[in-house]
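Worksheet: the structure to be examined is printed underneath.
The values are calculated or read from the model by the stated rules, or taken from the named source; none is laboratory data. Only a predicted model underlies this, so the values are computations on that prediction, with no experimental measurement involved. All Cβ positions, even for glycine, are placed from backbone atoms using ideal geometry, and neighbour counts span all protein chains on display.
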Amino acid sequence: MLKPIRKLPEIIANKIAAGEVIERPVSVVKELLENSIDAESTRIRIDIEKGGTELIRLSDNGFGMHKKNALLALERHATSKIENDEDLFSIKTLGFRGEALPSIAAISKMTMVTRPKSSELATEIQVEGGNVISVNDAGAPQGTYISVNDLFFNTPARKKYLKSIRTETAHIIDYIAMVAVGLPHIHFKLFHNGKAIKNWSQVKDLSNRIADVMGDDLYQKLYPVQYKNDHVSISGYVASPETTRKSLSTVIFVNGRAVKDRLINHAIFEGYRGRILKGQHPVAVLFLEIPFEDVDVNVHPAKHNVRFVHQGSIHQAVVKAIQNGLTQTRHTPWQSHPEKYVSPPISPVNENDHPNPINDDSPQSFITPTPKADKVNEYQAPPLFPNKKLINDHQSPLCESEQHMFHNPIVEKIIYSNCRIIGQFHKTYIICENNDSLYMIDQHAAHERIVYERFKKALFSRNLPVQRLLIPETIELTYQQSSVFSEIIPELKKIGIDIEHFGGNTFVIQSVPDILTGKDINSLFVDMAQSLPDIKNTAPIEQAIEDCLMLMACHSAIRSGQLLSEKEIQELLKELDLCENPSQCPHGRPTCIQWNVSNIEKKFKRTG
Ligand code: ADP
Ligand code: MG
């Protein structure tokens, strides 16, 4: 027999709500931190013990609350932040659901001490499992102090899902770091088991805070970003492409709220496309301001995600913003530091034991208390080349020591054509010198860059010299490939490729850009056809064309293993000087490695 319907007692309702809002200790930190930020605090101290399971304590110097409000704040759906429906659609504060404090109080032993400016005395409230145990007056400075002990003490099921202390701690630190990056006007202090582990003092400049939090190597390597279109206004910083990370290192704020967003991350990677290697992660901190009615933050109780009305336009804007920002980075070759060939420490990490501040599928890990191995399950931009052959040619991940050696760009721009040519090594690398430096240039990568930029210019000016093939080339595609190919025929024409659909899955190539004459046209088109279907699913047509350009550049560039005359080398160096970005091939590999004489002297132990 069905039981009669009853309204749930408040305590049970709060426990249920807590299930949604409070997944793990970092969720408590998130809610308390948001409240402190909403209360306009300028100093926030966070103490955690045992990964937050034993204690999470947060003290701020914000507004504070009067006794009446403090008690009300512990009731479900009590909020000072919204009053009516309209407010819900123009949320300017981080909190608004009025659920956090009662939820936390329902599943922990909580003490709150709070004093507003206008009151002499503070109020101290103790709650246990949602029951108010005591309310007293107390002496305390202006602001709010909330101590959450024994989280999940009365919800053992939830407790079972907690990961190791190390993991929960890492989640918390990563989360605080992510928020702190965007709030340089707030002084954050973090204590773990009584020991100060982070102290980010108030700074005026956002770039200083970014470097404080995300790594000292970023000082002087951050470039401002400013971009605006009809739907979004973007500001922030991008780091130059040499300062990449091995895990996701982007921080995104949407209307002041730190969010995880795949669309925006994808766009950031797109913006860096051709400048970083696969597997590397750019460092970028972006602030998006979007009209309130065009963004929904109320998608999830914990407000992890946001939803955009104008997704496409926002994606495009972020790509543009990053690209514009990156034009300020210097075009410098990679400098080798042979004496620094040390692999960073790597500790074994359990598959499920990965620190992540918000949810498990997109870890943020620029700050963790212990070193950890790379994770490969984080979100990455779609592969540029599904074609295996090309992946091997161009995107083989560098070994640890190689990655290390590619991290320090030199300051001056080099003029390649001023170099004295020493010769060619292994019929693959050009060796030359200038002043105190020795350069090794990858002839294929360098020429690929040259040809790629030539194609791009031609695409804009529409004056690419074209060669009609004496014998048209016929290619046979799969059904899926031919449907994508048919769509881009008009676009291909713009880059000098005249191709006709012959019927069925057969295509006939009538003409190609001059530079491709004598090359294996058939294999180029097979490569293109193979990479297109994948691209089409994830990216707009312009990107498909861009990928075709890269393939064309790759196919027409000088190969490794090809003997070059001095004259040919001279020509190549001259053309490299004319490139906009001579230091990387279109896929982001370095074109040139540099040693200066002092590196070499050290190697030979001539100097100390
Ligand atoms: P929400 O943030 O969604 O409004 P909460 O349950 O997190 O709901 O908090 C309830 C209310 O308590 C807030 O609206 C705010 O008025 C007050 N409050 C909570 N934390 C603080 C704080 N640190 N300083 C000042 N007021 C606070
Ligand atoms: Mg709140």
* **Scan of the range 38-72 for residues that are among the aliphatic types (A, V, I, L, M) and touching a Gly at 6+ places or on another chain (Cβ under 8 Å), ordered by number** => 39
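Could we say that residue 421 is within 30 Å of residue 596 (Cβ to Cβ), within 33 Å of the chain's Cα centre (by Cα) and not in a helix (DSSP H, G or I) here? Working first, answer last.
Details: within 30 Å of residue 596 (Cβ to Cβ): yes; within 33 Å of the chain's Cα centre (by Cα): no; not in a helix (DSSP H, G or I): yes.
No.
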* Asked: If a residue has to be in contact with a helix residue (DSSP H, G or I) (Cβ under 8 Å, 6 or more places away or on another chain), assigned to a strand (DSSP E or B) and not hydrophobic (A, V, I, L, M, F, W, C) to count, how many in the range 138-175 make the cut?
  -> 1
* **Any hit, the range 584-600, residues being under 35 Å from the mean Cα position of the chain (by Cα) and in a helix (DSSP H, G or I)** => yes
* Structure fact -> Pairing a residue in the range 207-224 that is within 21 Å of residue 179 (Cβ to Cβ) with any residue that is part of a helix (DSSP H, G or I) and polar (S, T, N, Q), where Cβ atoms lie under 6 Å and the two sit 6 or more apart in sequence or on different chains, gives 222/207
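For the range 171-197, how many residues meet the condition of being in contact (Cβ under 8 Å) with a residue 40 or more places away in the chain and within 17 Å of residue 55 (Cβ to Cβ)? It would help to see each step written out before you state the result.
Our first condition is that a residue be in contact (Cβ under 8 Å) with a residue 40 or more places away in the chain; within the range 171-197, this holds for 171-179, 181-183, 185-194, 197.
Add one more test, that the residue is within 17 Å of residue 55 (Cβ to Cβ), and what stays is 171-173, 175-176, 189-194, 197.
Going through the range 171-197 one residue at a time, the tally reaches 12.
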* Structure fact -> Scanning the range 469-489 residue by residue, those part of a helix (DSSP H, G or I), closer than 22 Å to residue 546 by Cα and at pLDDT below 85 turn out to be 480, 481, 482, 483, 484, 485, 486, 487, 488
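Suppose the filter is closer than 28 Å to residue 9 by Cα, modelled with pLDDT of 85 or more and within 16 Å of ligand 2 (Cβ to nearest atom); does residue 100 pass it? Steps first, please.
Values: closer than 28 Å to residue 9 by Cα: yes; modelled with pLDDT of 85 or more: yes; within 16 Å of ligand 2 (Cβ to nearest atom): yes.
Yes: the conditions hold for residue 100.
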* For residues that are closer than 10 Å to residue 257 by Cβ and of a type in the set (A, V, I, L, M), scanning just the range 289-310, find the one that is modelled with the lowest pLDDT. => 297
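Return the residues of the range 30-73 that are within 12 Å of residue 176 (Cβ to Cβ), out of contact with any strand residue (DSSP E or B) (no Cβ under 6 Å at 6 or more places or on another chain) and within 15 Å of ligand 2 (Cβ to nearest atom); say none if nothing qualifies. Step through it out loud before you land on a result.
Of the range 30-73, the ones within 12 Å of residue 176 (Cβ to Cβ) are 30, 32-34, 36-37, 44-48, 52, 56, 58.
Narrowing the set further to residues that are out of contact with any strand residue (DSSP E or B) (no Cβ under 6 Å at 6 or more places or on another chain) leaves 30, 33-34, 37, 52.
The answer is 30, 33, 34, 37.
Restricting attention to the range 260-280, and to residues there that are in contact with a Lys or Arg (Cβ under 8 Å, 6 or more places away or on another chain) and at pLDDT below 90, which single residue is surrounded by the most Cβ atoms within 10 Å (Cβ to Cβ)?
My answer is 280.
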* Structure fact -> residue 558 passes all but one of the listed conditions (1) under 30 Å from residue 488 (Cβ atoms); (2) hydrophobic (A, V, I, L, M, F, W, C); (3) in a helix (DSSP H, G or I); the exception is number (3)
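Could you grab me the full set of residues in the range 128-152 that are within 16 Å of ligand 2 (Cβ to nearest atom) and of a type in the set (Val, Ile, Thr)? Break it down stepwise before answering.
Our first condition is that a residue be within 16 Å of ligand 2 (Cβ to nearest atom); within the range 128-152, this holds for 143-146, 148.
Residues satisfying the conditions are 144, 146, 148.
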* Selection count where residues are within 19 Å of residue 93 (Cβ to Cβ) and either hydroxyl-bearing (Ser, Thr, Tyr) or away from ligand 1 (no atom under 13 Å from the Cβ) (or both), scope the range 17-31 -> 1
* Are any residues in the range 424-439 within 24 Å of residue 559 (Cβ to Cβ), hydroxyl-bearing (Ser, Thr, Tyr) and part of a strand (DSSP E or B), and if so, which ones? -> 429, 439
* Structure fact -> Of 161, 145, the only residue that is aromatic (Phe, Trp, Tyr), in contact with an Asp or Glu (Cβ under 9 Å, 6 or more places away or on another chain) and farther than 29 Å from residue 124 by Cα is 161
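Would you check if residue 450 is buried (at least 20 other Cβ atoms within 10 Å of the Cβ), touching a residue at least 12 places away in the same chain (Cβ under 8 Å), in a strand (DSSP E or B) and of a type outside the set (Phe, Trp, Tyr)? Show your work before the answer.
On the way: buried (at least 20 other Cβ atoms within 10 Å of the Cβ): yes; touching a residue at least 12 places away in the same chain (Cβ under 8 Å): yes; in a strand (DSSP E or B): no; of a type outside the set (Phe, Trp, Tyr): yes.
So residue 450 does not fit the description; no.
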* Structure fact -> Scanning the range 93-125 residue by residue, the ones that are of a type in the set (Asp, Glu) and either on the phi > 0 side of the Ramachandran plot or assigned to a loop (DSSP other than H, G, I, E, B) (or both) total 2
* **Residue among 201, 240, 235, 207 that is of a type in the set (Gly, Ala, Ser) and modelled with pLDDT of 95 or more** => 235
* To do: Quick one: count up the residues across the range 160-180 that are surrounded by fewer than 23 Cβ atoms within 10 Å (Cβ to Cβ) and among the hydrophobic types (A, V, I, L, M, F, W, C).
  => 2
* Structure fact -> The correct count of residues that are more than 8 Å from ligand 1 (Cβ to nearest atom) and of a type in the set (S, T, N, Q) in the range 32-81 is 4
